[in-house]
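*Asks:* Pasting a structure below so you can have a look.
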Amino acid sequence: MDHAIDRLYAAIIAARARDPAISRTAKLIREGAPKMAKKVVEEAVEVGLEAVQGDRQRVIQESADLVYNLSVLWAETGVKPGDVWAEMDRRERAYGMAEKLPK
């Protein structure tokens with residue numbers, strides 16, 4: 001399937017070879033997992049804040065930033081989008097699509 005996240009992931013992998021002086025993705029990759037994780041947390045907070053404020057368009061924009069930064073972190077840690085989709089499929093079979101794993 002040619003999904004936007006799969007295309008994004010492929011572009012992130014390709015960005016590893018780019019010059020960090022001209023590629024923000026290459027720069028983030030060079031900064032390492034701690035910086036990537038920090039960006040994921042920052043973007044998640046921004047999504048939540050915009051949702052609380054009721055700004056639908058900003059929720060969309062910040063969500064796109066969150067997906068981007070999460071995808072960069074996945075690439076760094078060797079997680080592929082298909083790995084996440086497989087886990088989602090497993091959970092759907094076990095618990096239903098709209099349920100989270102029990103604690």
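The values are calculated or read from the model by the stated rules, or taken from the named source; none is laboratory data. Keep in mind it's a predicted model, so treat the numbers as computed, not measured. Because the Cβ atoms are built from the backbone with ideal geometry, glycine has one as well, and the counts that use them run over all protein chains shown.
*Asks:* Scan the range 57-76 residue by residue and report those that are farther than 24 Å from Arg16 by Cα and either at pLDDT below 90 or touching a helix residue (DSSP H, G or I) at 6+ places or on another chain (Cβ under 6 Å) (or both). Before you say what the answer is, go through the steps one by one.
*Replies:* Let us first name the residues in the range 57-76 that are farther than 24 Å from Arg16 by Cα, namely 57-61.
Within the range 57-76, Arg58, Val59 meet the criteria.
*Asks:* Working carefully through the options Ala37, Ala26, Ala86, Ala33, find the one that is small (Gly, Ala, Ser), more than 14 Å from the chain's Cα centre (by Cα) and over 19 Å from Ala4 (Cα atoms).
*Replies:* Working: Ala37 fails: more than 14 Å from the chain's Cα centre (by Cα); Ala86 fails: over 19 Å from Ala4 (Cα atoms); Ala33 fails: more than 14 Å from the chain's Cα centre (by Cα).
Result of the check over Ala37, Ala26, Ala86, Ala33: Ala26.
*Asks:* Sticking with this one: For the range 1-51, give me each residue that is surrounded by 12 or more Cβ atoms within 10 Å (Cβ to Cβ), touching a residue at least 60 places away in the same chain (Cβ under 8 Å) and not hydroxyl-bearing (Ser, Thr, Tyr).
*Replies:* Within the range 1-51, Ile5, Asp6, Leu8, Ile12, Ile13 meet the criteria.
*Asks:* Among the numbered conditions (1) of a type outside the set (Ser, Thr, Tyr); (2) modelled with pLDDT of 95 or more; (3) outside any loop (DSSP other than H, G, I, E, B), tell me where Val79 comes up short.
*Replies:* Failing condition for Val79: (3).
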